[in-house]
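The values are calculated or read from the model by the stated rules, or taken from the named source; none is laboratory data. Just so it is clear, the structure is predicted and the values come from calculations on it, not from any experiment. Here the Cβ positions follow ideal geometry from the backbone for every residue, glycine too, while neighbour counts run over all protein chains shown.
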Amino acid sequence: MIASLNGIVRSKSPGSIVLDVQGVGYEVFISSRTYDLLPAIGEECFLLIQTNVREDAITLFGFEKQETKELFLLLVTVSGIGPKLALAILSGLGSEELTTAISMEDYARLTAISGVGKKTAQRLCVELGEKVGRLAPSGVEGQPSVVSGSPAQGNAVQDAVSALINLGYPQHLAWQALRRVQKQHGEGADAMAVEELIRLALQGLA
């Protein structure tokens with residue numbers, strides 16, 4: 001199986017890239033967000049690869065960091081979600097945004113993604129709610145011409161999760177606690193300060 005590729009960008013589009021690796025051109029399917037991070041044509045690029053083998057084709061999917069690849073692998077385990085829809089979901093939301101939306105059961109945010117209806121959004125939250133909470137952000141370091149994104153914007157909920165993790169709580173339990181706070185307080189939770197979110201989450205964890 002091909003796990004990664006490091007080569008020269010020969011062509012690229014919002015859905016795919018051709019990498020020249022020592023004279024062999026590999027077509028790799030990517031999300032539009034990964035496309036936005038690609039270097040220019042003729043430059044060197046490194047991508048993590050997931051190889052999908054079928055009777056009639058071998059398809060390569062590329063990712064700029066391990067966290068995105070792990071999310072892709074989780075998405076395709078959900079009933080009704082194939083590789084193409086998984087890439088569309090990753091195009092619609094960044095890794096941290098998607099993890100937050102699934103963990104917090106934000107159906108409105110999920111159904112705003114092209115191809116994701118209410119039932120698919122519900123399956124995502126039910127089947128992946130706890131699993132995505134265990135994902136730790138991780139970049140790909142030490143590789144030539146690594147594709148890298150800009151840091152995601154933080155918010156009070158994510159800051160509260162980080163604080164709970166620093167207190168020793170597992171990430172998936174921290175997300176569950178914050179999800180309960182949002183359910184209990186509705187839109188009011190969006191206006192809460194980090195300290196208040198932490199206090200309420202700790203009450204639920206006690």
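In table form, for the structure just shown:
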{"quantity": "Condition check for ILE17: within 13 Å of the chain's Cα centre (by Cα) and either part of a strand (DSSP E or B) or within 30 Å of GLY186 (Cβ to Cβ) (or both)", "calculated": "no"}
{"quantity": "Condition broken by SER79, with the remaining ones in (1) over 19 Å from ALA3 (Cα atoms); (2) touching a residue at least 40 places away in the same chain (Cβ under 8 Å); (3) in the same structural domain as TYR26 (by TED's automatic domain parsing) satisfied", "calculated": "(3)"}
{"quantity": "Helices (runs of 4 or more DSSP H) contained in the stretch 113-188 and holding at least 3 residues surrounded by 15 or more Cβ atoms within 10 Å (Cβ to Cβ), modelled with pLDDT under 85 and more than 17 Å from the chain's Cα centre (by Cα)", "calculated": "156-166, 171-185"}
{"quantity": "Check on TYR35, surrounded by fewer than 21 Cβ atoms within 10 Å (Cβ to Cβ), assigned to a helix (DSSP H, G or I) and hydroxyl-bearing (Ser, Thr, Tyr)", "calculated": "yes"}
{"quantity": "Hits in the stretch 38-59 - residues which are among the aliphatic types (A, V, I, L, M) and either in the same structural domain as LEU110 (by TED's automatic domain parsing) or in a loop (DSSP other than H, G, I, E, B) (or both)", "calculated": "LEU38, ALA40, ILE41, ALA57"}
